[in-house]
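All of the numbers you see were taken from the coordinates with simple rules; none came from a lab. Bear in mind that the values here come from a model prediction, so they are computed numbers and not experimental data. Ideal geometry is used to build each Cβ from the backbone, glycine not excepted, and the neighbour counts take in all protein chains shown.
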Amino acid sequence: MNIFNADLHIHSPHSIAVSKTLNLDTMLETCKKKGLNILGTGDVLQPDWLKYLENKLEKDKDGAYCYKDIYFILQTEIEDQESVHEVVFFEDFDMVKNIQKKLVPYSTNILGEWGGRPRVNLSPPELVDIISDEGAIIGPAHAFTPFKAIFRQNKFKTLKDCYQDATKNIFFIELGLSANTHLADRLKCLKDVTFLSNSDAHSQNPRSLGREFNRFDIDNPSFEEILLALKRKDGRKISLNVGLHPKLGKYYKMFCNKCRRRIIFKKAKKTIQNVFNQYSITENFIAIFSSNPQTAKNQYIKQVADNKIVCPACKEEFGKNFKVKLGVSERIDVISTSENPIHPDHRPNYINAVPLIDIIRSIKNIKSSTSKTVLNEYNKIISELGPEFEILINLPISKIEKFDPTIASVIRAFRNNEIEYTPGGGGTYGQINLKI
Ligand SMILES: [Zn+2]
Ligand SMILES: [Zn+2]
């Protein structure tokens, strides 16, 4: 068996808000820096991208698609009529075209320039049936995010609720940036499915592409082997998930759907009777004070889940009522079947990672992850010590110290689980807080 690091959910310039410079060559460059071997192609049902991929990708002796020395799995994301996003993997271009033909009657944008992530007028089980009948494989994307996801607020609570009899053909879910195995294994309905940790990258920036990936134990990087691993058959499996620390994701915390402030709970100095009435508003947060923040938070979550809480900041600012929405962590609190995770025996380890770009940004106190200063520093450390994942996880701290003692001290803190996080939410990524 061989080991391959794979990030299996990417987009193309034919999806909205994707970098125009994203292509196979720029993807390849980032793969080298990150230590990735297999990528999803993204958007393979979109006609221009499909043509581009057909021209560029070659098949190797095992039937795996490759471009230079990086392997590719034909992949797309689809939105069904319940506005649930699903990731799909295909064996070959014939299969892509057959499925495209079957979906065309149900979609107005699948053949369009912006059809990278097509919307189809099919219910989730209908879509799963079409995909699996052709031999491709499908599962929910970023399963817990507050938008366009199977487990979002007021939507489904189990796989069966969504896919009904077609649940038997769901072999994986994608966790999404704000969730990890620890959170997802609080749902009993997920005990038999494989977890994927993918980046959903909209750019080749190393902060985006490969920020999450899966380590596959397979014979070769073909679709056939990936399929066996997702089904955990013949000894094929995912042996490690690596993803952002959930608090670094964009949707970890509750937020106001209008002003996008995150809601947090703080300990009040004196006893407060009337819960939720004492709060403070800052640019990004609404802090609610309580003598018992945990109890207050639990009560609050229940009311947010019932759409009963309006944003106090928007009320003050515009005199209007805008609803507070659950983040990934609170939604899992609401639909979970156990207080703590119950990991099935097959579940691999999950590493909560902090991207090296974030570490450099925090040290230099720079907000943008595309800043030249940050990227230069990133490229320098990668060329001397890389790839990134090796630096973060395996490389002896003494070696990193020789390059840069401050970066070394942050990586040591990360490895020892001593980093403090400001949780993300409402579309804003979380942050690491350094004490240096
Ligand atoms: Zn999506
Ligand atoms: Zn608001």
- R0 = 35 Å: FRET efficiency of residue 433 with residue 134, Cβ-based, nearest 0.05? 0.15
- Task: Take the Cβ-Cβ distance between residue 51 and residue 267 as r, set R0 to 41 Å, and report the resulting FRET efficiency rounded to the nearest 0.05.
- Result: 0.10
- Treating cross-link reach as a plain straight distance, find the aspartates and glutamates whose alpha-carbon is under 16 Å from the alpha-carbon of residue 233, omitting any fewer than eight places away in the same chain. 192, 217, 219, 224, 225, 345
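Please compute the length gained on full extension between residue 28 and residue 97, using 0.36 nm multiplied by the number of residues separating them and subtracting their Cα-Cα distance. Numbers along the way, then the final one.
Numbers: separation 69, 0.36 × 69 = 24.84 nm, distance 2.53 nm.
Net length gain for the segment: 22.3 nm.
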- Note on the structure: Simple spin-label estimate for residue 380/residue 298, 7 Å along Cα→Cβ, in nm, reads 5.1 nm
- Task: Excluding residue 282 itself, calculate the net charge of residues whose Cβ lies under 11 Å from the Cβ of residue 282, where each Lys or Arg counts +1 and each Asp or Glu counts -1.
- Result: +1
- Message: Given a 10 angstrom Cα cut-off, can you work out which residue in 81, 294, 100 is the most mobile in a GNM of the chain?
- Response: 294
- Excluding residues fewer than 8 places away in the same chain, name every one of the aspartates and glutamates whose C-alpha is closer than 13 Å to that of residue 68. 25, 29, 58, 60
- Query: Label points 7 Å out from Cα along the Cβ direction at residue 401 and residue 68: separation in nm?
  - Reply: 3.6 nm
- Query: Straight-line reach from residue 315: which lysines have Cα under 19 Å away, leaving out those fewer than 8 places along the same chain?
  - Reply: 258, 323, 325
- Message: Under 5 Å between amide hydrogens, which residues at least 5 positions from residue 421 or on another chain qualify, with H placed 1.01 Å from N in the peptide plane?
- Response: 433
- Task: Pairs to check: 34/380; 32/191; 34/247; 253/308; 160/247; 20/51. Give those whose C-alpha atoms are more than 24 Å from each other in this structure.
- Result: 32/191; 160/247
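What is the gain in length, in nm to one decimal, between residue 111 and residue 2 on full extension, counting 0.36 nm per residue of separation less the C-alpha to C-alpha distance?
Fully extending the segment from residue 111 to residue 2 adds 35.5 nm.
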- Go ahead and estimate [θ] at 222 nm for the chain from helices alone: -39,500 (n - 2.57) per DSSP H run with n ≥ 4, summed, over the residue count, rounded to 500. -8500 deg cm²/dmol
- Select from the stretch 406-436 those trypsin sites (Lys or Arg not before Pro) which occupy a DSSP coil region and have at most 12 other Cβ atoms within 10 Å, ordered by residue number. 435
- GluC sites (Glu not before Pro), restricted to the stretch 323-405: which are DSSP loop and have at most 14 other Cβ atoms within 10 Å? 339
- Query: How far, in nm, would the chain grow between residue 367 and residue 340 when pulled straight, counting 0.36 nm per residue and subtracting the alpha carbon separation?
  - Reply: 6.3 nm
- Query: Can you list the trypsin sites (Lys or Arg not before Pro) in the stretch 204-242 that are in a DSSP coil and have 11 or fewer other beta carbons within 10 angstrom?
  - Reply: 233
- Task: Find how many whole Å separate the alpha carbon centroid of the stretch 213-265 from the alpha carbon centroid of the stretch 349-382.
- Result: 21 Å
- Whole-Å distance linking the alpha carbon centroid of the stretch 93-115 with that of the stretch 386-432 is 42 Å
